[in-house]
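Have a look at the structure below, then the notes.
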Amino acid sequence: MGILNSRSSNFIFNFPKDWFYPEIQEKWTPYYKKQPLPYETAADFINVTVQSISFPGFNMEEVSQQKKGGKRIDFKSAKNVNDLYGNEVTINFAHVDGFFNYWMLQDNINLFLNFDQTDLYLPDFTIRILDNEGFIMTSIFMKEILFKSFSELELSYTNNSFDFKSFSVTFSYNNLEIKLEAAEKSIQLGRVF
């Protein structure tokens with residue numbers, strides 16, 4: 001009997017290059033360009049501060065019907081499968097010096113929320129789940145993204161020690177597509193696992 005690899009599966013998540021508005025990109029360029037590793041775009045910089053993503057769970061409430069004599073029978077839901085998933089994704093970011101990734105993200109979201117802004121949604125997100133060898137197993141596409149919430153920023157004079165701190169931003173989406181890459185590749189190769 002084989003032993004499963006204990007290494008955690010990894011993921012790839014990158015904000016799209018066009019996620020930041022041009023004026024935000026220009027405004028924050030001096031900050032991310034002066035980093036020890038200068039970044040090409042604001043999205044490149046924000047992507048390296050991503051620590052984790054909370055992908056929503058899947059939940060089905062069955063439909064119940066009462067039969068004669070009081071017996072209750074449950075049936076599967078008539079909802080679309082995509083509607084059974086939660087529609088929120090939370091992204092956790094590591095704080096950087098001066099919290100400028102916090103302010104840069106907030107600046108971009110404030111511009112999106114501005115009533116003069118004509119965009120209905122933020123650019124789509126893609127999460128790719130990798131196996132322990134780095135091959136893409138699953139691709140998750142979230143479309144029609146909206147901003148939901150920003151975590152608080154805790155500032156304290158009493159805590160100046162060097163430790164890891166983070167903040168989170170929650171988004172919601174209207175459409176979800178999950179593509180099982182590994183299953184498609186195994187069928188193409190004539191194998192099923």
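Pairs of Lys residues in the chain, spaced 8 or more positions apart or belonging to different chains, with C-alpha separations under 23 angstrom: 15 in total.
Count charges around N14 for me, please; just the other residues with Cβ under 14 Å from its Cβ, Lys/Arg as +1, Asp/Glu as -1. Around N14, the charge tally is -2. Cα extents for the chain along the principal axes, largest to smallest and rounded to whole angstrom: 70, 47, 40.
What is the stretch 79-148 by shape, rounded, prolate or oblate, if you read a ≥ b ≥ c off the alpha carbon gyration tensor as root eigenvalues and call it rounded for a/c under 1.5, prolate for a/b larger than b/c, and oblate otherwise? Taking the square roots of the gyration eigenvalues as a ≥ b ≥ c, the stretch 79-148 is oblate. Label point of S156 set 7 angstrom out along Cα-Cβ; within the stretch 97-140, no amide nitrogen lies under 17 Å from it. Between N10 and D74, the simple label model (points 7 Å from Cα in the Cβ direction) yields a spacing of 4.0 nm. Computed log10 I(q)/I(0) for the stretch 31-114 at 0.20 Å⁻¹: -0.98, from the Debye equation with unit scatterers placed on every C-alpha and solvent omitted.
No value in this document is a laboratory result; all are computed from the given coordinates. Since the structure is predicted, the reported quantities are computational estimates derived from the model, not experimental observations. Here Cβ is always computed from backbone atoms with ideal geometry, including for glycine, and neighbour counts include all displayed protein chains.
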